[in-house]
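The values are calculated or read from the model by the stated rules, or taken from the named source; none is laboratory data. Please read these numbers as outputs of a predicted model, since none were measured by experiment. Here the Cβ positions follow ideal geometry from the backbone for every residue, glycine too, while neighbour counts run over all protein chains shown.
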Amino acid sequence: MHFAKMEALGNDYIFLDLLEDPPPDEGALPRVVQALCDRHLGVGGDGVVLLLPSAEGDFRMRVFNPDGGEAEMCGTGACCSALYLYQRGRLGGRTRLRLETLAGPVTPELVLEGGRVAWVKVGMGFPRLRRRDIPMLGRDVEQVVDERLQAAGKEFFVTCVSMGNPHCVVFVEDLAEVELGEWGRGLETHPVFPHRANVEFVQVLGLGRIRVLVWERGSGPTLSCGTGACASAVASIIKGLVGRQVAVEMPGGELRVEWPEGDQVWLKGPCREVFRGEIRLDLPAAR
């Protein structure tokens, strides 16, 4: 199996180019993903991205978490897909494309400086704020802001957003006091989230800057997360804590998020190819 390893601020994904080759058997996909993402016995990654032909866009992107579950959307995956396709001449010199995802279309755009890709800017669509659209169980409301939730033996005040995938955002005074593993796991798997949730802990640093720790659904702690950065910025804007242009600091580096009035959310950040290669998987032995 041929692959490429891509990353954006340490959020790393294994890319399988299936634009001409047939995809793995659907029933075997979870085991393929688990084997590939294993950092000791496989390639290692925060997930797997499949690039496929599309009838609704230029290309189709499917994203899988390390546990084998399929995600609706991935900001890092969209950024890296654009770079991957551009570097291999699949865009015919264009710098903008339309990607089909389970959450709907997204529009990555490559920003060139000196003839090289410096950044990727992605139109992430409009945030979904209604409870039923996140999705989240309970009485439907226009926005879930500072709702009490019990998890991991603690009470949290959560603000919830969907960026095509569900996010649970918790604001804290100091990220150093966050017990990421215990709190993140407890909130991810809370019964109120029927599809589980990505969890972000946010410390506001000023009107244009926040700092975020991410617990990704089906993955655990990651160095960065595109949809997590967007969800954290949107939640901060909803609460009136920041302006509409936000620098998002994560352990892997900084992303930029903009949410202009009446417009979709825009994500901007760097990404790169780490390496490419081939691997033979012995699926019966895969864990």
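Key figures for this structure:
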read-out	value
Residue list for segment 126-171, restricted to those being touching a residue at least 24 places away in the same chain (Cβ under 8 Å), of a type in the set (Val, Ile, Thr) and buried (at least 20 other Cβ atoms within 10 Å of the Cβ)	ILE134, VAL158, THR159, VAL161, VAL169, VAL170
Single residue of segment 1-49 satisfying the filter (under 17 Å from the mean Cα position of the chain (by Cα) and β-branched (Val, Ile, Thr)) that is farthest from GLU249 (Cα to Cα)	VAL33
Leading residue by the ranking (farthest from the chain's Cα centre (by Cα)) among those in segment 102-116 that are under 17 Å from LEU51 (Cβ atoms) and either not in a loop (DSSP other than H, G, I, E, B) or not assigned by TED's automatic domain parsing to the domain that holds TYR84 (or both)	LEU110
Selection from segment 78-101 of residues that are in a strand (DSSP E or B) and under 29 Å from GLN143 (Cβ atoms)	LEU99, GLU100
Set THR101, THR76: member being in contact (Cβ under 8 Å) with a residue 24 or more places away in the chain, buried (at least 19 other Cβ atoms within 10 Å of the Cβ) and touching a helix residue (DSSP H, G or I) at 6+ places or on another chain (Cβ under 7 Å)	THR76
Hits in segment 193-207 (condition: outside any strand (DSSP E or B), surrounded by 14 or more Cβ atoms within 10 Å (Cβ to Cβ) and either touching a Gly at 6+ places or on another chain (Cβ under 6 Å) or not assigned by TED's automatic domain parsing to the domain that holds ALA176 (or both))	none
Scope segment 78-95; condition out of contact with any Lys or Arg (no Cβ under 9 Å at 6 or more places or on another chain) and under 20 Å from GLY125 (Cα atoms); matching residues	ALA78, SER81, THR95
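Every residue, every condition in (1) in a loop (DSSP other than H, G, I, E, B); (2) crowded, with 23+ Cβ neighbours inside 10 Å; (3) touching an Asp or Glu at 6+ places or on another chain (Cβ under 8 Å); (4) aromatic (Phe, Trp, Tyr), yes or no:
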| site | (1), (2), (3), (4) |
| --- | --- |
| TYR13 | no, yes, yes, yes |
| HIS40 | yes, no, no, no |
| VAL49 | no, yes, no, no |
| ARG62 | no, no, yes, no |
| GLY68 | yes, no, no, no |
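Okay, residues lined up against (1) out of contact with any Lys or Arg (no Cβ under 6 Å at 6 or more places or on another chain); (2) modelled with pLDDT under 95; (3) not polar (S, T, N, Q):
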residue	(1), (2), (3)
GLN203	no, no, no
TRP215	yes, no, yes
LEU223	yes, no, yes
CYS230	yes, no, yes
MET250	yes, no, yes
TRP259	no, no, yes
GLN264	yes, no, no
ILE279	yes, yes, yes
ALA285	yes, yes, yes
